[in-house]
1. Please work out if K249 is of a type outside the set (A, V, I, L, M) and under 20 Å from E221 (Cα atoms).
2. Being at pLDDT 95 or above, of a type in the set (D, E) and either touching a His at 6+ places or on another chain (Cβ under 8 Å) or closer than 30 Å to G124 by Cα (or both): is that true of E247 here?
3. Hey, any hits in segment 12-23 for a residue that's closer than 23 Å to E203 by Cα, among the β-branched types (V, I, T), in contact (Cβ under 8 Å) with a residue 24 or more places away in the chain and in a helix (DSSP H, G or I)?
4. Looking only at segment 336-357, count every residue that is hydroxyl-bearing (S, T, Y) and outside any strand (DSSP E or B) and tell me the total.
5. Filter segment 186-212 for residues that are surrounded by fewer than 17 Cβ atoms within 10 Å (Cβ to Cβ) and among the basic types (K, R); which is farthest from V329 (Cα to Cα)?
6. Which ranges mark the strands (runs of 3 or more DSSP E) fully within segment 41-145 that have 2 or more residues being charged (D, E, K, R)?
7. Can you confirm whether K283 is charged (D, E, K, R), without any contact (Cβ under 8 Å) to a residue 40 or more places away in the chain, assigned to a loop (DSSP other than H, G, I, E, B) and in the same structural domain as K186 (by TED's automatic domain parsing)?
8. Given the structure, is G160 in a loop (DSSP other than H, G, I, E, B) and at pLDDT 95 or above?
Amino acid sequence: MSDSNRDLKKSIDRMFKINFARKEDEMILFVSDYPEEHMLSKISQEQYDKIEERNDYTKKIFSLTKELYGEKTVRLCEYPSLLQSGLDAPEYVGEALKKCDIFLIPTSYSLTHTKTRMQATQAGARGATLPGFEPYMFETNGSMTANYEKIAEEIGKGIGFISRINPNEGKTVEITSDGGTNLTMKIMEGGRKLEGDNGLCREKSAFSNLPAGEIYTAPMEETTNGTVVIEKGWATQALEGEEMVFEFKDGYLVSLKGANEDLLNLVDLNPARKAKEDPALIKTRRNVAELGIGMNPKATHYDSLLEGEKIKGTCHIAIGTNKFFGGNVVSDIHFDYIINKPTILIEEKTFMDNGKFAF
């Protein structure tokens, strides 16, 4: 066995022992998407190759996990790529997920905010999604190897800090950045909670992203107003060399600059194209779905959304679905956008100052 495979095998074993506290007889299920040739009419060769590379790497992790724990307790379930995050996988994938003890979903397109994933955790399975993962995350100093016990502690401190501001009442959040972001929203009304994604899935039905490390919540619908500016290079849906500028009014996206045509079409903000979708669906896609705050000190790659949104000292805003973590909106997308080094005020109290926490 090569040194790289030996190190990867150690990383995998560490993950299942620390993040999942796996017991000897527990069944592990890997779920992976793969490309089919006809998809080249919808995606580029580069995108096709990337999906194939992730599928191949997932099979590699799967094989090494079988070597660690034996063939009887490790399974792989594959399905043709959906080419869009937020869509449910085929029924057979959902059925397989319900029957496992631990699942790992390293796909190119996210199943995080879907019924497929939610029903698996409701059935008692615990696990993590890794949408758009990159192999470097598993390396010796990669974001997967962070001290998740310490991250859990920091998340607890952050949630405690926010919760003590006007306890049991909704809170106004103001987000600004040197890049031009100037946004306000309401959070935590009507019992809506802050959640912590600490990567520790040790109990039945526990769920996380991996790499993990964020505080997140569904803002109150129809309360978000202002501008979000995403720096050049920090969003894969941006035009090359362009920053993205979002304008929100009363909780919905109303203007978008610097985005590629695919995203403009999805949210019906492409002046060159008439909407082909149901207006009600487009409205859900424009919904401000999430406020997230990065907490992982080993996350550094901002060109990867999966890792970028966990970078300590960032926050992110999402549009689309929030039903599965406390909101009221179901959509067919959930897209996150990362704000670097923001200043965050909660009820005028400083939570983060230019990327530095105040707690």
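1. Numbers: of a type outside the set (A, V, I, L, M): yes; under 20 Å from E221 (Cα atoms): yes.
The answer is yes for K249.
2. On the way: at pLDDT 95 or above: yes; of a type in the set (D, E): yes; either touching a His at 6+ places or on another chain (Cβ under 8 Å) or closer than 30 Å to G124 by Cα (or both): no.
Here the answer is no, as E247 does not meet what is asked.
3. Filtering segment 12-23 down to residues closer than 23 Å to E203 by Cα leaves 12-23.
Narrowing further to those that are among the β-branched types (V, I, T): 12, 18.
Keeping just the survivors that are in contact (Cβ under 8 Å) with a residue 24 or more places away in the chain gives 12, 18.
Filter again for in a helix (DSSP H, G or I), leaving 12, 18.
Taking every residue of segment 12-23 in turn, at least one turns out to be closer than 23 Å to E203 by Cα, among the β-branched types (V, I, T), in contact (Cβ under 8 Å) with a residue 24 or more places away in the chain and in a helix (DSSP H, G or I).
4. Applying the first criterion (hydroxyl-bearing (S, T, Y)) to segment 336-357 yields 337, 343, 350.
Now restrict to residues that are outside any strand (DSSP E or B): none.
So the answer is 0.
5. So the residue we want is R202.
6. On the way: elements: 74-80, 102-105, 126-129.
Fully inside segment 41-145 and qualifying: 74-80.
7. Numbers: charged (D, E, K, R): yes; without any contact (Cβ under 8 Å) to a residue 40 or more places away in the chain: yes; assigned to a loop (DSSP other than H, G, I, E, B): no; in the same structural domain as K186 (by TED's automatic domain parsing): yes.
No: the conditions fail for K283.
8. On the way: in a loop (DSSP other than H, G, I, E, B): no; at pLDDT 95 or above: yes.
Spelling it out, it is not the case that G160 is in a loop (DSSP other than H, G, I, E, B) and at pLDDT 95 or above.
The values are calculated or read from the model by the stated rules, or taken from the named source; none is laboratory data. Note that the structure is predicted; figures quoted are calculated from it, not measured. Neighbour counts are summed over all protein chains in view; Cβ atoms, including those assigned to glycine, are modelled from backbone coordinates with ideal geometry.
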